[in-house]
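Notes for the one structure printed next.
The values are calculated or read from the model by the stated rules, or taken from the named source; none is laboratory data. Quantities reported herein were computed from a predicted structural model and do not represent experimental measurements. Here the Cβ is made from the backbone with ideal geometry for all residues, glycine too, and neighbour counts use every protein chain on show.
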Amino acid sequence: MSGNGLDGTSDREPGRTYDQATYAVGDDENEPLLSEKRSDTVKPSDALPDDLTRDELTLPNPEEPEVARHYTRLSQMNWSIESGPYPLGSCTMKYNPPVTEDVAADPNAAVHPDRSADSIQGTLGLLAGLQDYLARIGGMDAVTLQPPAGAAGEFTGIAIARAYHRANGEDRSEVLIPSSAHGTNFATAALAGYDVVELPSDEGGRVDMEALEAAVSEDTAALMLTNPNTVGLFERDIEDIADVVHDAGGLLYYDGANLNALLGRARPGDMGFDIMHYNVHKTFATPHGGGGPGAGPVGVTEELEPYLPNPRVEETDSGYELTETDEAIGKVHGFQGNWLVLVKAYAYIARLGDEGLRDASAKSVLNANYLAEQIDLEVPYEPFHHEFAATAGDAEAADVAKRMLDFGVHPPTTNWPEMVPEAMLTEPTEIESKQSLDDLAAAFDAALGSTEEERHEAPSRTTARRIDQTSAARNPRLSWQALEEE
Ligand SMILES: *Cc1c(COP(=O)(O)O)cnc(C)c1O
C-alpha cells in the first residue's frame, strides 16, 4: 500500500485540496474473515436427530469490539455516499437521512404482513398515504406499491398496458423505446413478450418526431420514455409525442428514474403519460438496494386503475381495506411490497413537504449545471437538467473514471448513453454543497490532467485495483466457501 497519505507519502497533486483521505484503508490481506480471527468448534446437542446434524461445526466467536472493528474496516474499504460525492448519472445517488431509518426502526413498524386488515389500520393508512403522495407528485390517479424495484415496476406497468389492450380486444405486439433508454426498458418489453422497436434520437438529442410517426402503428402497445431523458434534456415535444402515441391507440409509459429533476414542478400525468414507475431509492432517498429490498411503485390513470395488482389498499367508509378486482394483472409481490422501504419513502416525503421537494429538484438542476461549468469537458447536449453527459474526448472515459477514484471521489457513469462518445454521465444530486462540487470538479480535472499511463494504471489507492468486471458479472463467487474451494 503506498501513496495513501497515511504514511506521509501522499502523491496527491500539489496545489489541489482534497478533503477526504478515505481510500485505501485496507486490502484483502489485512482484513481476515471473522472465522479466521477466532473460532470455536461446537458439537451438536443430543436433542437433534443424528441424520440431521454434522459431527462438529466451526463458528466464529469474536469479542464485540472485534466485530465492530471488522465491519467498520470493511465499510471503509468500500465506497458510499457517506464517504463522499457519488455522481453516478441516472442512478441518483442521494444521501439517505437517518431519520427515515429511525422511523422504519420504530417497533410499531414491525407488523406481520398477514395480519387481518382491521388489526393493521395504521400500516394500511401509511400505505394509502404514500399512494396518495405519489399519485399527487406524478399526476396519476392510482398507485400500487407492490413492485420491489424500478425494473419490476416497468414490468408491472407494461403488464398493465397489455391487460388494458387485451380487455379492448387488441393484441398489440410492439413497444417503442428510444435508443438512449436504460437497458431495463428493453428487457422489460422483451420479457413481457413484446417486439422492441428502437427509436433514434434527433440531432438535438431528443425523440425524433419523424421517426416516431413512422414507427407508430396499430401494433404499438406503448412508448416507454423518461423525461428529462438520459442526457438530461427535457422532451419539449412531450405533448405532441403523447398525441401521436394516443392517436394510434398506444399508451405512454414514464420511466421515473429522472423524476428528481421535476419534483414539485412538472408532473408526468400532466404531460400525457398513462403509466409510470417511481424509483424511490433515487427520488425519495431510500437506500439503493444493492440486491436487497427496494421499491418501485407504479402509478396509472383512472382508465387503467382496474388492472393494478391485487390486493389494493383503499380507504372506505369503514376504514382501510384490502380490495381486489377481476381485471387485475395478479399479484407482483408479497403483501404490498417491501414495507419498511415504503415507510422510509413516506417519511422522506412527509419531512420535505411540497416546499422541500421543489427545493430538491431546483438544487439538483443547479448543481449539475454548476458542476458542468467547473470541469474542462465538452457537454454535447444542452440545456440539460439534473444530469449531463460530458464526453471525455480523446481520453477513455473508463480510464478517467478509474483515475478519479484515486482522488477520493466516486466517478460518474461511463460509456452510457451511447449517443455520446466516451460518455461520462454525471449527476451530483441536490445534496452536494458548493465546496463538495468544487472538490468533485478538481478530481475531474486531476484525472484528465494525469498522463494516459497513470489513468491506465489507475486506481492505485483503492482497496481493490482494476477488477475484471466481466468475470465479476458473469462468474460471481458469492460466498467465502466458494472462494476457499478454489
Ligand atoms: C435506475 C434506472 C432504471 C431501473 O430502476 P431500478 O430501480 O434500478 O430497477 C430504469 N431506467 C432508468 C433510466 C434508470 O436510471
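In the set Thr426, Thr463, only one residue is among the polar types (S, T, N, Q), touching a strand residue (DSSP E or B) at 6+ places or on another chain (Cβ under 9 Å) and either crowded, with 20+ Cβ neighbours inside 10 Å or at pLDDT below 95 (or both); that residue is Thr426. Any residue at all in the stretch 406-423 that's crowded, with 19+ Cβ neighbours inside 10 Å and part of a helix (DSSP H, G or I)? Yes, the conditions are met somewhere in the stretch 406-423. Taking Asp171 as the residue in question, decide whether it is part of a helix (DSSP H, G or I), of a type outside the set (A, V, I, L, M, F, W, C) and modelled with pLDDT of 95 or more. Spelling it out, it is not the case that Asp171 is part of a helix (DSSP H, G or I), of a type outside the set (A, V, I, L, M, F, W, C) and modelled with pLDDT of 95 or more. Residues of the stretch 303-320 include none that is in a loop (DSSP other than H, G, I, E, B), within 16 Å of the ligand (Cβ to nearest atom), modelled with pLDDT of 95 or more and closer than 30 Å to Glu101 by Cβ.
Please count how many residues of the stretch 328-343 are assigned to a helix (DSSP H, G or I) and of a type in the set (Gly, Ala, Ser). Residues meeting the conditions: 0.
Table: residues versus (1) in contact with a strand residue (DSSP E or B) (Cβ under 6 Å, 6 or more places away or on another chain); (2) of a type in the set (S, T, N, Q); (3) under 21 Å from His112 (Cβ atoms).
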residue: Thr316; (1), (2), (3): no, yes, no
residue: Leu342; (1), (2), (3): no, no, yes
residue: Leu352; (1), (2), (3): no, no, no
residue: Ala372; (1), (2), (3): yes, no, no
residue: Glu378; (1), (2), (3): yes, no, no
residue: His385; (1), (2), (3): no, no, no
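Just one of (1) assigned to a loop (DSSP other than H, G, I, E, B); (2) among the small types (Gly, Ala, Ser); (3) within 17 Å of Pro147 (Cβ to Cβ) fails for Ala257. It is (1).
On the basis of being more than 16 Å from the ligand (Cβ to nearest atom), of a type in the set (Lys, Arg), under 21 Å from Gly353 (Cα atoms) and assigned by TED's automatic domain parsing to the domain that holds Thr323, does Arg172 make the cut? Step through it out loud before you land on a result.
Numbers: more than 16 Å from the ligand (Cβ to nearest atom): yes; of a type in the set (Lys, Arg): yes; under 21 Å from Gly353 (Cα atoms): no; assigned by TED's automatic domain parsing to the domain that holds Thr323: yes.
No.
May I ask you to list the residues in the stretch 273-296 that are buried (at least 19 other Cβ atoms within 10 Å of the Cβ), within 11 Å of the ligand (Cβ to nearest atom) and not in a strand (DSSP E or B)? Don't jump to the end; show me each part of the working.
To start, the set of residues in the stretch 273-296 that are buried (at least 19 other Cβ atoms within 10 Å of the Cβ) comprises 273-286, 288, 294-296.
Still in the list and also within 11 Å of the ligand (Cβ to nearest atom): 277-283, 286, 288, 294-296.
Hits for the stretch 273-296 are Tyr278, Asn279, Val280, His281, Lys282, Thr283, Thr286, His288, Gly294, Ala295, Gly296.
Within the stretch 162-196, if we keep just the residues that are under 28 Å from Val231 (Cα atoms) and among the acidic types (Asp, Glu), the residue that is surrounded by the most Cβ atoms within 10 Å (Cβ to Cβ) turns out to be Glu174. State yes or no: is Arg403 surrounded by 14 or more Cβ atoms within 10 Å (Cβ to Cβ) and of a type in the set (Lys, Arg)? Yes, satisfied. Residues in the stretch 174-185 that are in a loop (DSSP other than H, G, I, E, B) and either under 11 Å from Thr220 (Cβ atoms) or small (Gly, Ala, Ser) (or both): Ser179, Ser180, Ala181. Filtering the stretch 112-128 to residues that are in contact (Cβ under 8 Å) with a residue 12 or more places away in the chain and more than 21 Å from Ala350 (Cα to Cα) leaves Pro113, Asp114, Ala117, Asp118.
Checking Glu218, Glu203 one by one, the residue that is in a loop (DSSP other than H, G, I, E, B) and either in contact (Cβ under 8 Å) with a residue 40 or more places away in the chain or not assigned by TED's automatic domain parsing to the domain that holds Val244 (or both) is Glu218 and no other. Looking at Tyr307, Tyr278, just one residue is closer than 26 Å to Leu340 by Cα and over 12 Å from the mean Cα position of the chain (by Cα), and that residue is Tyr307.
Filter the stretch 138-161 down to the residues that are part of a loop (DSSP other than H, G, I, E, B) and more than 10 Å from the ligand (Cβ to nearest atom), then identify the one that is surrounded by the most Cβ atoms within 10 Å (Cβ to Cβ).
To start, the set of residues in the stretch 138-161 that are part of a loop (DSSP other than H, G, I, E, B) comprises 139-141, 145-149.
Checking the rest, the ones that are also more than 10 Å from the ligand (Cβ to nearest atom) come to 139-141, 145-146.
On the way: Gly139: 18, Met140: 27, Asp141: 14, Leu145: 30, Gln146: 27.
Here the residue is Leu145.
Confirm whether Glu210 is away from the ligand (no atom under 16 Å from the Cβ) and in a loop (DSSP other than H, G, I, E, B). Considered against the rule, which asks whether it is away from the ligand (no atom under 16 Å from the Cβ) and in a loop (DSSP other than H, G, I, E, B), Glu210 comes out as no. Of the residues making up the stretch 87-137, those that are surrounded by 15 or more Cβ atoms within 10 Å (Cβ to Cβ), touching a strand residue (DSSP E or B) at 6+ places or on another chain (Cβ under 6 Å) and in the same structural domain as Gly337 (by TED's automatic domain parsing) number 7.
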